[in-house]
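The values are calculated or read from the model by the stated rules, or taken from the named source; none is laboratory data. Not measured: the values here are computed from a predicted model. Note that each Cβ is placed from the backbone with ideal geometry, even for glycine, and that neighbours are counted across all protein chains shown. These area figures cover heavy atoms from the full protein model, side chains too; ligands, DNA and RNA do not enter into them. Shrake-Rupley method; radii C 1.70, N 1.55, O 1.52, S 1.80 Å.
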Amino acid sequence: MNPRKAQIYASLERMTAANRAAQDALTREASLTDYVSHVRTGMQDDTEIRIWTDAFRAALAENEIVRIPASAEPYYVDDSITIPSNRRIFAEDGAVIRQMKGVRVLMFRNEHTADGTHAPIAADVRDCNIAICGGRWEESNTGRAGYGRTGMYDMERSFYGVSTCMFFNNMDGLTLTDLTFVHTAGFSVQMGDITNVLIDNITFVECFADGLHINGNTENVRITNVRGQVGDDLVALNMYDWQNSSVDFGPMKTVLCENLDLSADSHYKAMRIEPGVYYYDDNSSVDCGLYDAIIKNVRGINTFKLYYQTPAYRIIGGEPERGGPGSGDYLFFEDIKIDLNAPIDGFREYTESDPVRGAFAGFEFGANIGHLFFENIDLTLYPEKYPYSYLFCVGPKSCVTGNGTVEVFDPYVSCEVGTVELTDIRVNGVQPDDIAPYIRAVTFDNINNDNRSTGSGTIANVVYHK
């Protein structure tokens, strides 16, 4: 085993043991039903229901462990619930926690959340040791409503970049296990500025945005056994992100994502992994890079998008958001099956095979990566239909819309991958004698005629083990 990979596994084993030990030390326990006196009644769809919001709040204030019994009736909540440090919510099989219709704020968050949009978070007060185990966590939505419509931090949207069912940041020691999310309109779970994260056995049922949306300033993250139907990324590692999707910006270190299975009926079969340079209000910047990460045993995802991308901008009269390509080092992709039967983004540059802009791949890189590893990758390509499809591409991307007036990507990006090591690669069932035809470094020369659409990708060294 690669020594750096072994270090990642060892670090995450230590983290897992520490999280479990901290949870095992909790003792003061009560059932949520012990707080039935806090339950209110309300109406939904002309039916009287019981609302457990205040019961949750009282139980969590007074106990370290709150048990939610199985019930034929959902536990309805109508407002956000705050979780203090050193807490575990344990939901028995058959326990359904359901947000009422029309509720626009998130369901659960930790107590001392902080907004890192405008300046780095001052870590003087942080939460620790929170776990949610078991249960079915539902919103009452039928589609993705959009940012600022559901999953808000509060009704004032004071944390502009929060759009989620559950939100955790500015904390250490989070454990989420055996959870099912249903009908979430925003992200199911959003987090950042967090260390020591253990996530296992998560299922998504008819969810409409990202499943797990993990932002920057994050370290020691172990994600295993995640499956189901989402409207966007099953798991997103967005160290850099747009301001409507994050309040946490910075590097991510020591990550394992293993056993990811996106359902075949999910709309968007991609995994976003986004490095980038982010600027704060005072013009200081942070490289939101990814370091020491293993992405392993993935099914149902056909494109891994590891590039800097700003919001779309007008080619004439507009300009891209300030920033730049981020970095990464020691990134391992292994045991992955990809059926690249179409470009993940259906722009005409890809669908009509533009010879300059039309390259797309199973792995797309627009960042400065030191060491990159591929092992046991099973790729299916359709070269007759898509002659510019590849195993991986490095460099800028460009697609224009609005009759050529709007740029979707960032064609000015220049970046380099240092060493790429490839082992046990199969293309259409055969191990190639030469891997070069399945790799492309993209170069643009002022392709939008705007003097900011020149960029290039380079690969310093390729090591191929047939």
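Put simply, the range 100-183 fits an ellipsoid with semi-axes of 23, 19, 8 Å; these come from the alpha carbon gyration tensor as the roots of five times its eigenvalues, largest first. The modelled label-to-label distance between Glu421 and Asp261, using points 7 Å beyond Cα along the C-beta direction, is 3.0 nm.
What's the FRET efficiency of Asn201 with Ala119 using the Cβ-Cβ distance as r and R₀ = 45 Å, to the nearest 0.05? That gives a FRET efficiency of 0.80. If R0 equals 25 Å, the separation of the Cβ atoms of Arg4 and Asp378 corresponds to a calculated FRET efficiency of about 0.55.
Separation of the range 1-52 and the range 92-121, taken as the distance between their Cα centroids, equals 13 angstrom. Residues Lys253, Lys296, sorted by accessible area with the largest first, give Lys253, Lys296 [1.4 Å probe; ligands and nucleic acids excluded]. Compared with the alpha-carbon gap, the fully stretched path from Ser37 to Ala21 is longer by 2.4 nm at 0.36 nm per residue.
Computed from Cα positions, the angle between helix 53-62 and the longest principal axis of the chain comes to roughly 80 degrees.
In terms of solvent-accessible area of protein heavy atoms at a 1.4 angstrom probe, what is the ranking of His371, His213, highest value first? Provide the component values of the computation, followed by the final result.
Working: His371 60, His213 5 Å².
Result, largest first: His371, His213.
Per-residue ellipticity at 222 nm from helix content only, as computed over the chain with -39500 (n - 2.57) for each DSSP H run of at least four residues, stands at -2500 deg cm²/dmol. Relative to the longest principal axis of the Cα atoms of the chain, the long axis of helix 3-24 lies at roughly 10 degrees.
Just the number, please: carbon plus sulfur as a percent of the accessible area of the chain, 1.4 Å probe, no ligands or DNA/RNA counted. Summing carbon and sulfur atoms, their accessible area is 46 percent of the total for the chain. Exposed loop positions in the chain were taken to be GluC sites (Glu not before Pro) whose DSSP state is not H, G, I, E or B and which have at most 12 other beta-carbon atoms within 10 angstrom. Between these positions, the longest stretch is 157-351.
If you look at the Cα atoms of the range 273-352, you get an Rg and a Dmax of 16.1, 45 Å. Applying the Karplus relation 6.51 cos²θ - 1.76 cosθ + 1.60 with θ = phi - 60° to the range 84-101 yields 3J(HN,Hα) values of x, 5, 6, 9, 9, 9, 10, 9, 6, 4, x, 8, 10, 10, 10, 6, 5, 4 Hz, where x marks Gly and Pro. Dipole magnitude for the range 66-132: about 80 debye, using +1 per Lys or Arg Cβ and -1 per Asp or Glu Cβ, origin at the Cα centre.
What pairs in Lys269/Lys385; Lys5/Lys397; Lys269/Lys296 have C-alpha atoms more than 21 Å from each other?
Details: Lys269/Lys385 19 Å; Lys5/Lys397 30 Å; Lys269/Lys296 16 Å.
In this structure, Lys5/Lys397 exceed 21 Å between Cα atoms.
Based on the inverse mean of 1/r over its pairs of different Cα atoms, what is the Kirkwood hydrodynamic radius of the range 185-275, in Å? Can you show the working numbers first?
Details: mean 1/r = 0.0775 Å⁻¹.
Radius from the Kirkwood sum: 12.9 Å.
Set against the 2.2 N^0.38 Å expectation for a compact globular protein, the range 167-208 has a Cα radius of gyration ratio of 1.22.
Using alpha carbon centroids, what distance separates the range 390-419 and the range 306-378, in Å? Each part's Cα centre sits 7 Å from the other's. With the simple spin-label model, which puts each label point 7 Å out from Cα in the Cβ direction, the Ala436 to Ser456 separation comes to 1.8 nm.
With every protein chain kept in place and ligands, DNA and RNA left out, what is the accessible area per residue of the range 53-145? Probe 1.4 Å, answer in Å².
Details: 3530 Å² over 93 residues.
Ligands and nucleic acids excluded, the figure is 38 Å² per residue.
Tell me, what is a quarter of the convex hull surface for the C-alpha atoms of the chain, in nm² with one decimal? Provide the component values of the computation, followed by the final result.
Details: hull surface 91.1 nm².
Mean projected area for the chain: 22.8 nm², to one decimal.
Spin-label pair Met155-Asn403: with each label point 7 Å from Cα along the Cα-Cβ axis, the two points sit 4.4 nm from one another.
Compute the FRET efficiency between Asn225 and Lys385 as 1/(1 + (r/R0)^6), taking r as their Cβ-Cβ distance and R0 = 35 Å, and round to the nearest 0.05. Can you show the working numbers first?
Working: r = 34 Å, r/R0 = 0.98.
Given R0 = 35 Å and the Cβ-Cβ separation, E is 0.50.
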